[in-house]
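The structure appears below as structure tokens.
Each reported figure results from applying straightforward, stated rules to the coordinates on display, with no laboratory input. Values in this document were obtained by computation on a predicted structure and should not be read as measured data. So basically every Cβ, Gly included, is an ideal-geometry build from the backbone, and we count neighbours across all protein chains shown.
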Protein chains: 2
Amino acid sequence: MANTNLKLLGAWFSPFALRVKIALNIKSLEYENIEETLYPKSQLLVQSNPVHKKIPVLLHGDKPICESTIIIEYIDEVWNSGPSLLPSDAYDRAMARFWAAYIDDKCILAMRKSVLVEDKEARKAYLEEIEDSLVTIEGELQKCCREGKGYFGGEEIGLVDITFGSLLGFMGMIETMNGRKMIVEEKHPCLVKWADRFASDPNVKGLIPEPEKLVSLMWLGKELEKKE
Amino acid sequence: MANTNLKLLGAWFSPFALRVKIALNIKSLEYENIEETLYPKSQLLVQSNPVHKKIPVLLHGDKPICESTIIIEYIDEVWNSGPSLLPSDAYDRAMARFWAAYIDDKCILAMRKSVLVEDKEARKAYLEEIEDSLVTIEGELQKCCREGKGYFGGEEIGLVDITFGSLLGFMGMIETMNGRKMIVEEKHPCLVKWADRFASDPNVKGLIPEPEKLVSLMWLGKELEKKE
């Protein structure tokens with residue numbers, strides 16, 4: 001691992017912090033992991049991300065970088081000799097950014113709402129939204145598979161894989177909470193294989209939080225969301 | 001203007017299409033402007049952006065690029081010999097992406113909700129949210145001014161300027177609708193000067209829609225939002 005001056009303000013349950021950890025692992029970058037408790041937020045977090053006061057923050061020396069996708073792009077641009085997290089071709093890069101934004105805007109929003117909402121009918125509607133987005137993502141992954149790629153990013157894990165893969169723990173939590181699998185062989189044959197491949201990659205293995213642990217944190221999460 | 005194979009699917013009132021127009025102007029790139037009516041959506045739009053079916057879409061030859069910020073980054077990367085839309089330093093680039101995302105996530109959301117909401121108290125709360133974000137943006141711009149920069153991006157218009165500047169028409173519309181100025185000298189001395197400078201730049205001049213025209217389109221906009 002390269003010796004760097006990197007600190008990550010994160011939390012074990014945060015999919016956004018997980019993204020940064022995976023990116024740092026892929027680039028073989030050493031970092032100090034600082035586990036934030038969030039209540040109260042540390043002074044370092046508030047100073048480093050005064051606008052949003054949210055994790056993750058990557059501190060490169062004394063420079064804070066915030067927002068998981070922006071941090072991934074920063075890592076890829078600064079340590080550009082290692083494996084690439086974004087494609088080298090400008091159009092492919094635009095497409096990777098498009099799918100990462102899709103996952104952030106559509107998937108995460110529906111996942112978050114399905115967890116927070118109290119009304120059963122509304123929850124059902126959000127679960128359907130998640131399922132719709134899974135079908136869209138499966139369609140995109142099938143295109144990649146037809147081109148002989150194992151990941152959205154090609155042969156190796158890239159931005160889109162990290163963005164979606166970071167949600168596997170929360171997806172498992174939602175499955176546990178609602179008593180049904182959401183990523184299933186019949187509807188998402190490529191995603192099922194992709195998820196196994198992703199989770200067992202040496203740069204990811206052991207980092208995705210177990211759904212049961214997330215379920216027990218869910219109530220805390222609900223309080224966090226209400227207060228933010 | 002360089003001869004390119006570029007088509008823009010946009011609409012005169014769209015701040016997101018406006019962003020792309022300004023970026024193309026700065027890079028002196030010729031393009032065919034295709035004005036979408038949105039009801040019904042053209043087959044070209046639906047084919048080019050099957051996931052969101054939204055403008056703007058930039059067609060580079062037969063390749064569609066969607067989402068305004070992604071399009072701006074694409075333009076900057078492909079035509080990299082002209083003026084830069086993003087800073088050359090990786091950290092400065094991360095900061096530009098951070099502020100562009102802030103404007104998209106905080107500012108636009110509150111602006112949209114303030115226009116769509118029927119309840120007066122709720123509207124007041126959204127207007128306060130807009131004002132809070134204006135104070136944050138003014139604070140960031142003051143830092144740039146202290147460093148002798150006229151724009152967020154430095155001496156020239158960059159990503160953050162385009163992202164926020166594209167909203168000036170809609171900001172004017174909200175001011176007209178609510179009978180009060182929001183960007184004001186006492187609270188936002190830098191933003192007031194910046195807005196004048198931005199709007200009179202040769203690459204922007206005449207492109208920001210007049211608030212009165214947007215007000216008369218507001219009712220159509222409300223219907224559009226409800227249906228999407």
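Rounded to the nearest 500, the 222 nm mean residue ellipticity of chain B from helices alone is -17000 deg cm²/dmol, with -39,500 (n - 2.57) taken per DSSP H run of at least 4 residues.
Across the protein assembly as shown, what fraction of all alpha-carbon pairs, as a whole percent, falls in each successive 20 Å bin from zero upward? Per 20 Å bin, starting at 0, the Cα pair percentages come out as 23, 59, 18, 0. Taken over the stretch B:1-111, lysine pairs spaced eight or more positions apart, or on distinct chains, with alpha carbons under 25 Å apart number 20. Kirkwood hydrodynamic radius of the stretch A:1-91, from the reciprocal of the average inverse Cα-Cα distance over all distinct pairs: 13.4 Å. Toward the positive end of the charge dipole of chain B, with +1 on the Cβ of Lys and Arg and -1 on the Cβ of Asp and Glu, the farthest Cα among B:W194, B:I65, B:I55 is that of B:I55. Taken over the Cα atoms of the stretch A:101-228, the convex hull encloses 109 Å³ per residue. Dipole magnitude for the stretch B:90-227: computed about the Cα centre from +1 point charges on Lys and Arg Cβ and -1 point charges on Asp and Glu Cβ, it is near 200 debye. The simple spin-label model puts a point 7 Å past each Cα toward its Cβ; for B:D92 and A:A125 those points are separated by 4.7 nm. With label points set 7 Å from Cα along Cα→Cβ, the inter-copy distances at B:E155 are 4.4 nm, sorted shortest first.
Between copies, how far does the label point of B:E30 sit from its twins, in nm, shortest first, when each point is 7 Å from Cα along Cα→Cβ? Taking the point 7 Å beyond Cα along Cα→Cβ, the inter-copy spacings are 5.6 nm.
Return the percentage of antiparallel bridges among DSSP beta bridges fully within the stretch B:6-78, rounded to the nearest 5 %. Here the antiparallel bridges make up roughly 65 percent for the stretch B:6-78. At an R0 of 45 angstrom, the distance between the Cβ atoms of B:K53 and A:N5 translates into a FRET efficiency of 0.50. Counting lysine pairs in the stretch B:116-217 that sit 8 or more residues apart in sequence, or on different chains, and whose Cα atoms lie under 17 Å apart gives 7. Placing dummy labels 7 Å off each Cα toward the beta-carbon, the span from A:Q142 to B:V192 is 5.8 nm.
Calculated on C-alpha atoms, the gyration radius of the stretch A:107-162 divided by its Kirkwood radius gives an Rg/Rh of 1.15. Per-residue Karplus couplings for the stretch A:31-41, computed as 6.51 cos²θ - 1.76 cosθ + 1.60 with θ equal to phi - 60°, are listed in order as 8, 8, 8, 10, 7, 7, 8, 6, 10, x, 6 Hz, Gly and Pro entered as x. For the stretch B:77-134 and the stretch A:92-139, what is the separation of their C-alpha centers, rounded to whole Å? Each part's Cα centre sits 22 Å from the other's. Peptide A:50-58 shows a mean partner chain C-beta count of 2 within 10 Å per residue C-beta. The share of alpha-carbon pairs in chain A lying farther apart than 22 Å comes to 52%.
Please list, by residue number, every one of the GluC sites (Glu not before Pro) in the stretch B:84-144 that is coil in DSSP and has at most 10 other beta-carbon atoms within 10 Å.
Here the sparse-neighbourhood loop sites are B:E118.
Looking at chain A, what % of its DSSP beta bridges pair antiparallel, to the nearest 5? Of the beta bridges lying entirely in chain A, close to 65 percent run antiparallel. By the compact-protein rule of thumb, 2.2 N^0.38 Å, the alpha-carbon radius of gyration of the stretch A:78-129 corresponds to a ratio of 1.69.
Position A:Y91: other-copy label points at 3.6 nm, ordered by increasing distance, label point 7 Å along Cα→C-beta.
Structural descriptor for chain A: relative contact order 19 percent, calculated from alpha carbon pairs under 8 angstrom and at least 6 residues apart. Counting Cβ atoms of other protein chains within 10 Å of each residue's Cβ and taking the mean over peptide B:84-97 gives 4. What whole number of Å gives the distance from the Cα centroid of the stretch A:34-67 to the Cα centroid of the stretch B:150-206? Going from one Cα centre to the other spans 30 Å.
Among A:R123, A:R197, A:R180, the largest mean-square fluctuation in a Gaussian network model of chain A (Cα springs under 10 Å) belongs to A:R180.
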